[in-house]
Amino acid sequence: MVVVEVNGYTIEPGADLSGAYLERADLSGANLERADLSGANLGRADLSGAYLERANLGGAYLVGVDFRFTELQGANLQGAELQGAELQGAELQGADLQGADLTGAVEDESTVWPEGFDPGTAGVYKIGPGANLSGANIGGANLSEADLRVADLTGANLFGANLRRANLKRACLSEADLRVADLTGANLFGANLRRANLKRACFSEANLTRANLEGSYLSGADLSRANLSEANLKGADLSQAGFFRAYLQAVFSLSWDLIKRTLRISPADLSGANLEGADLTGARLAQATADKGTVWPEGFDPVAAGVIFED
């Protein structure tokens, strides 16, 4: 048997890890069946796919732990702090959750709970199509590839959340806090992001076709290679937003005021962007950068507007 050590602790079935400090440790797929982890600090550790059947986690600090698809059958979780834990696909049959704090933890339809346990009463959020997550506090959660089509995330706290390749088609994210969130490759077709805080969020290669971004805060956001076809960006703050190869063709809103009087875009990077058909009347483009691959509306003079061309 291969002996694995993490932070000086031996990771094996039946290991005595009581009081161990394993914060943010990578224990994905680890076999800790019947191990003693009572009182251990495992804050934000990765235990996805791990085997913890009949393990003792009583009183353990498990805030933000990734328990996705983890085997926790018969585990002792009495008094454990599980706030914000990710429990999608976890199996908790027979687990003892007496006194455990699950506020803000996340589950999905494949999570298996002990008989008679009500996750909703315990403050657990259920992820899935059409989910009601209005006002949910799930900042920093790992929701990569989550199916959140038509979900209500109005005013939700998703600060720093991992939403890579998540399906948010037609989801409502109005006034949500998505600062520093990672939405790389996410599907946001027709999503409502009105007045959402998207500062420094990453939308690289995301599909924002027909998304409503009116009045949103996109300062410092990464929109490289994003598809913003027919998006409504009226009144959005795009200062310092990156648009490398962003696709900004056409306009779904009645007046596509990306780049109209209420839009602040300087100093944006428009290298390789397609702005064909865009209304740039009154746009603030001074110091914005572009290159020979940028496509402008017919008759528009970017040099006169103060655009800087890079080689």
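Below, the figures for the structure above:
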quantity	calculated
Filter result (charged (D, E, K, R) and not in a loop (DSSP other than H, G, I, E, B)) within the stretch 113-156	K126, D147, D152
Every residue from the stretch 4-54 that is assigned to a loop (DSSP other than H, G, I, E, B), within 16 Å of L77 (Cβ to Cβ) and of a type outside the set (A, V, I, L, M)	S18, E33, R34, S38, G39, G43, E53, R54
Where a residue in the stretch 71-91 is under 16 Å from A136 (Cβ atoms) and its partner, wherever it lies, is of a type in the set (K, R), with Cβ under 7 Å and at least six apart	E86/R68; Q88/R68
Residue match in the stretch 23-39 (condition: under 23 Å from K126 (Cα atoms) and of a type in the set (K, R))	no
Those residues of the stretch 28-43 which are surrounded by 18 or more Cβ atoms within 10 Å (Cβ to Cβ) and closer than 12 Å to A60 by Cα, in sequence order	D36, L37, S38, A40, N41, L42, G43
Set R54, R34, R44: member being under 22 Å from A141 (Cα atoms) and of a type in the set (K, R)	R44
A95 vs. criteria assigned by TED's automatic domain parsing to the domain that holds Y21, over 21 Å from I138 (Cβ atoms), buried (at least 22 other Cβ atoms within 10 Å of the Cβ) and aliphatic (A, V, I, L, M)	yes
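The values are calculated or read from the model by the stated rules, or taken from the named source; none is laboratory data. Nothing here was measured: the structure is a model prediction, and the numbers come from that model. Here Cβ is always computed from backbone atoms with ideal geometry, including for glycine, and neighbour counts include all displayed protein chains.
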